[in-house]
Amino acid sequence: MVLGNYKQVLAARSTDKEILKGSQDGGIVTTLFAYALDEGIIDGAIVAGPSEDPWRPEPMVAMSREDLLAARGTKYNLSPNMELIKEATRSYGLDKVGIVGVPCQIQALRKGQLYPVGLRDVPDKIALAIGIFCMENFSYQAIEAIVEDHTNVKLESLKKMDIGKGKFWAYTERGAVSTIPLKETHKYEQPGCHVCLDYVANLADVSTGSVGTPDGWSTVFVRSRKGEDVWGRAIAAGCFETKPIEEVKPGLDLVKKLATEKITKNQKTVDKRKAFGLKADGSPRALRNPYL
Ligand SMILES: Cc1cc2nc3c(=O)[nH]c(=O)nc-3n(C[C@H](O)[C@H](O)[C@H](O)COP(=O)(O)OP(=O)(O)OC[C@H]3O[C@@H](n4cnc5c(N)ncnc54)[C@H](O)[C@@H]3O)c2cc1C
Ligand code: SF4
C-alpha cells in the first residue's frame, strides 16, 4: 500500500511540444490542466507561479494557457498552494477549481473537504487535484545555500533544478551542469518532511513524478473516478503518448522501493518522537500536570 489506491499506472509524456519544452518531466501537470481548462472541466488552477525572486514560487490562480506555461517546472521550495483555495472560489469566483500540490498539500486539501471548517462552499468546487511525488522539500534560504554555496552559480542563472540518481542537479541557461551529492543536501531538508508518510500523493485524482520512467517521461497514477474520467478524455483527445509501465525502465519497482524507504525511515522518526512525548510534528503532547 505504499503506492496508495489507483486504477491504473502508466508511463506518459505530453504531445504538446511547447508545454514539454519548459516542463519538469513529461509535462503531465501542465498538459492535463490546459486540457481541463479548454474543456471547461476546471475554470482555473492553483499552481506555483513565478515571483520577483528567482525560483521562489508564489501560488497563483492560472486562468489561461499562458498562466499555466509560466508556472511550469519544479521549484524545490515551499509553495503554499492551499493558501489560495478559498480565494479561488471567492475573489476569482471559480466553480471548478484545479490544484496541484505535493502529497502533504493534497492531504490538507482532502482534510479540508471532509472537515470544511472555514472553507464553506469550497469542498464541492474541487474539480481536479493533481499530486506530484515528493521525497523532501526545502526553504527558499536552503535552496539559495545549496545552489549558491555548493555549486557557485547564481540562482537567477538557472533554467532547471532536479533531484535524481542520488544527486541535486543545477542546469544554467548557458548550458553548464552542476551536481551535489544528496548526502550534502540532507541537512537543509524541512524537518516536517522527516515525518511524512506519503511519497506519491495517494489522495490525488491523478499523481505523477519522474521516478520509474526514462528522462522526459513521467510515471502517472490515475487514482479516482474523477481522475479516470479526465485522463481518459485527455488520452482520447491525443494530449499524451503512453507506454505500459512494464515496458519502461527502471519501472514501478523503483517507485515502490523509494516509497517504502521514505515511509520506513520516516515512520521510525515518528515512533522515536512519540517515545519521548512529542507529537509526530515535534510539538509537545497535550500538557498534563503530574501533580493532579
Ligand atoms: C519539492 C518537490 C519534490 C519532488 N520530489 C520528487 C521525487 O522525489 N520523485 C519524483 O519522481 N518527483 C518528485 N517531484 C515531482 C517532479 O519534480 C515534477 O514536479 C513532476 O514530475 C511533474 O512534472 P511535469 O513535467 O508533469 O510538470 P510540469 O508540467 O512541469 O508542471 C509542474 C507543476 O507543479 C507546480 N509546482 C512546481 N513546484 C511546486 C512546488 N514546490 N509545490 C507545489 N507545486 C509546484 C508547477 O506550478 C506546475 O503547475 C518533486 C516535486 C517537488 C515540488
Ligand atoms: S516530504 Fe512530505 S511534508 Fe515534505 S513537502 Fe514533501 S509531501 Fe510535504
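A quick yes/no check of all residues on (1) touching a Phe, Trp or Tyr at 6+ places or on another chain (Cβ under 8 Å); (2) acidic (Asp, Glu); (3) within 24 Å of Asp16 (Cα to Cα); (4) touching a residue at least 24 places away in the same chain (Cβ under 8 Å):
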residue	(1), (2), (3), (4)
Asp43	no, yes, yes, yes
Asp53	yes, yes, no, yes
Ser79	no, no, no, yes
Met82	no, no, no, yes
Gln113	no, no, no, no
Tally the residues that are within 12 Å of ligand 1 (Cβ to nearest atom), under 18 Å from Gly26 (Cα atoms) and outside the structural domain of Leu114 (by TED's automatic domain parsing), restricting the search to the stretch 161-201.
6
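Among the residues of the stretch 157-171, which ones are in a strand (DSSP E or B) and touching a strand residue (DSSP E or B) at 6+ places or on another chain (Cβ under 6 Å)? Walk me through it before giving the result.
Within the stretch 157-171, the first condition is being in a strand (DSSP E or B), and the residues that meet it are 158-164, 167-171.
If the condition is that a residue be in a strand (DSSP E or B) and touching a strand residue (DSSP E or B) at 6+ places or on another chain (Cβ under 6 Å), then Leu158, Lys159, Lys160, Met161, Asp162, Lys167, Phe168, Trp169, Ala170, Tyr171 are the ones that fit.
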Val117 vs. criteria more than 14 Å from ligand 2 (Cβ to nearest atom) and either under 19 Å from the mean Cα position of the chain (by Cα) or part of a loop (DSSP other than H, G, I, E, B) (or both)
yes
With respect to Arg233, is the statement that it is more than 30 Å from Thr264 (Cβ to Cβ), over 18 Å from the mean Cα position of the chain (by Cα) and surrounded by fewer than 14 Cβ atoms within 10 Å (Cβ to Cβ) true?
no
What about Lys226, is it away from ligand 1 (no atom under 11 Å from the Cβ), modelled with pLDDT of 95 or more and part of a strand (DSSP E or B)?
no
With criteria (1) within 30 Å of Gln190 (Cα to Cα); (2) modelled with pLDDT of 95 or more; (3) more than 10 Å from ligand 1 (Cβ to nearest atom), Met1 comes up short on (2)
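Does the stretch 24-72 hold any residues that are in a loop (DSSP other than H, G, I, E, B), among the small types (Gly, Ala, Ser) and under 25 Å from Glu148 (Cβ atoms), and which are they?
Result: Ser51, Ala71.
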Being more than 8 Å from ligand 1 (Cβ to nearest atom) and at pLDDT below 95 is true for just one of Gly118, Gly98, Gly112, Gly93. Which residue is that?
Gly118
Right, Lys17: out of contact with any strand residue (DSSP E or B) (no Cβ under 8 Å at 6 or more places or on another chain) and either within 21 Å of Asp162 (Cβ to Cβ) or touching a residue at least 12 places away in the same chain (Cβ under 8 Å) (or both) or not?
yes
Within the stretch 202-222, track down each residue that is closer than 18 Å to Val97 by Cα and either assigned by TED's automatic domain parsing to the domain that holds Gly164 or not in a strand (DSSP E or B) (or both).
Leu203, Ala204, Asp205
From Tyr171, Tyr199, residue being free of Cβ contacts under 8 Å to residues at least 60 places away in the same chain, crowded, with 16+ Cβ neighbours inside 10 Å, in contact with a Leu (Cβ under 9 Å, 6 or more places away or on another chain) and of a type outside the set (D, E, K, R)
Tyr171
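The values are calculated or read from the model by the stated rules, or taken from the named source; none is laboratory data. This one's a predicted model, so the numbers in the text were calculated from it and none came from an experiment. Neighbour counts run over all protein chains shown; Cβ positions are idealised from the backbone, glycine included.
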